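The structure under discussion appears below in the form of structure tokens.
The values are calculated or read from the model by the stated rules, or taken from the named source; none is laboratory data. Please read all numbers here as calculations on a predicted model, not as lab measurements. In this analysis, Cβ positions are derived from the backbone assuming ideal geometry, glycine residues included, and neighbour counts consider all displayed protein chains. Side chains included, ligands, DNA and RNA excluded: accessible areas come from the protein's heavy atoms. Shrake-Rupley method; radii C 1.70, N 1.55, O 1.52, S 1.80 Å.
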Amino acid sequence: MGRTAGGSWFRSGSPATDGRAVGAAAVRAALNRLVFANTPPIEILVNPFAVLVAMTALGEAAPFAARIAFFAGSLVVVVSNSTIYYAFQRDAAKDTRPTWWHAWLIFGAALNGLVWGIGSAATFPLPDPGFIAAFLPMLLAGFAGGYVASQSASLPSVVAFIWLAFTPLSVRLLLSGESLPAMTGGAMLFYGAILSLFSWTTFRSLRETILLRVEKGNLVRALETSSAKFEKITENLPGAVF
């Protein structure tokens, strides 16, 4: 009987293991809340506005069908991310399933990056020297920088957006056969690597800070529980013991 009970205890996981699992879930939930707090609806609406700016600057140089598809894709991103945002705000049990919500965060970021990646590669005219040749990569780089600043609490979301958004246009620039576009494509990939590294260091700092806070809270609760048990025991002990 003792061995059976012991075996079932080990199969169910030790208290330390269960504590780490609970701690990891609490950290992930806190990081999720941080991402959603830094992603207000106005930021979601920036997406189609940025596409309109790009389409206006490119003018007739970009194919009309590609510009329309790019803008339609940005509207899909707005609907998708707005749905995720408001569903998270309404979900009273969101902290009990942090992995589920994080998966939706990554999906929204990947969809956003995919639309920007395919749209920018399809609308970019080659070869086209001067202002138009540099405008769209600069706009995409600035947009990615702002996205990274607001989404740093979710490293997979940032990485998914950066590389899905940068890779298609960078590859097209590198394969253009022109020196200036090829240099721009290489610079975009290098910038994407820098952003990824920055996001990784920021995410580690945020995670460690939240983990310390969670562990401190668990310790305080454990001390309060132990103190309450001790007080209950002492109240029930006869005075002669003392």
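Return a yes/no flag: does region 95-106 have any residue that is small (Gly, Ala, Ser) and farther than 18 Å from Met55 by Cβ. Yes. Report whether or not Ala141 is over 21 Å from Ala69 (Cβ atoms) and exposed (fewer than 15 other Cβ atoms within 10 Å of the Cβ). No: the conditions fail for Ala141. Being among the polar types (S, T, N, Q), surrounded by 22 or more Cβ atoms within 10 Å (Cβ to Cβ) and part of a helix (DSSP H, G or I) holds for only one residue in Ser150, Ser170, and it is Ser170.
Residue-wise test of (1) at pLDDT 80 or above; (2) among the β-branched types (Val, Ile, Thr); (3) part of a helix (DSSP H, G or I); (4) open to solvent by less than 40 Å² (accessible area, probe 1.4 Å).
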{"site": "Gly23", "(1), (2), (3), (4)": "no, no, yes, yes"}
{"site": "Phe36", "(1), (2), (3), (4)": "yes, no, yes, yes"}
{"site": "Phe49", "(1), (2), (3), (4)": "yes, no, yes, no"}
{"site": "Phe71", "(1), (2), (3), (4)": "yes, no, yes, no"}
{"site": "Leu75", "(1), (2), (3), (4)": "yes, no, yes, no"}
{"site": "Asp95", "(1), (2), (3), (4)": "yes, no, yes, no"}
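Can you say whether Ala109 is within 18 Å of Thr39 (Cβ to Cβ), of a type outside the set (D, E, K, R) and not in a helix (DSSP H, G or I), as far as the supplied structure shows? For Ala109, the condition - within 18 Å of Thr39 (Cβ to Cβ), of a type outside the set (D, E, K, R) and not in a helix (DSSP H, G or I) - is not met.
Among the residues of region 123-138, some residue qualifies, meaning at least one is modelled with pLDDT under 90, small (Gly, Ala, Ser) and assigned to a helix (DSSP H, G or I). Looking only at residues in region 49-70 that are under 10 Å from Val115 (Cβ atoms) and not β-branched (Val, Ile, Thr), the one that is farthest from the chain's Cα centre (by Cα) is Ala69. Filtering region 175-213 to residues that are of a type in the set (S, T, N, Q), modelled with pLDDT of 85 or more and surrounded by 15 or more Cβ atoms within 10 Å (Cβ to Cβ) leaves Thr184, Ser196, Ser199, Thr202.
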